[in-house]
1. Hey, can you grab everything whose amide H is under 5 Å from the amide H of residue 56? Only 5+ residues off in sequence or another chain; H modelled, so Pro and N-termini drop out.
2. With viscosity set to 1.567 mPa s at 4 °C, what whole-number translational diffusion coefficient in µm²/s follows for segment 53-108 from Stokes-Einstein and a Kirkwood radius over Cα pairs?
3. Quick one: order 75, 95, 81 from most to least accessible surface, probe 1.4 Å.
4. Residues of segment 86-102 with amide nitrogen under 16 Å from the 7 Å Cα-to-Cβ point of residue 110?
5. With r defined as the distance between the Cβ atoms of residue 118 and residue 75 and R0 fixed at 30 Å, what FRET efficiency is calculated, to the nearest 0.05?
Amino acid sequence: MGMTINAPLAHRFPIFLDNMRGHPIVAPETVSRSLPMDIHPINIGFGNIVAANRIIAIVSPESAPIKRIITEARDRGQLIDATYGRRTRAVIITDSSHVVLSAIQPETVAHRFVSHKEGNFNA
């Protein structure tokens, strides 16, 4: 049995990726200008972004429980593959139960997340 995330509906933040192809819906350079002030975009590789305030966990995809979470998200239609065909290195779990796959290391995503929390928006 996989982990279930109790979260509000995703009406507060649209995921900025096209679920079918994994391409950004909004040009990454315009996102920071078009988002509300309390949402900080985090680059997860290849110009794809997620909102920092919606991230619950950034984990490595190797363990069986995380692989199960990925499979269940795929079955629910809540998996977003932002790897562009590359190896999955980080799995990002959001408060809306979306699971985002990224081709960059979890440490790199976490560093970008922490840099935004501290107010350093150039990381």
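The values are calculated or read from the model by the stated rules, or taken from the named source; none is laboratory data. Model, not experiment: these values are computed from the prediction. Don't worry about glycine lacking a Cβ; one is built from the backbone with ideal geometry, like all the others, and counts go over all protein chains shown. Surface areas here come from the heavy atoms of the whole protein model, side chains and all, with no ligands, DNA or RNA. Shrake-Rupley method; radii C 1.70, N 1.55, O 1.52, S 1.80 Å.
1. Hits under the 5 Å cutoff: 93, 94, 95.
2. Result for D is 117 µm²/s.
3. These residues rank, largest area first, as 75, 81, 95.
4. Answer for segment 86-102: 89-93, 102.
5. It comes out at approximately 0.20.
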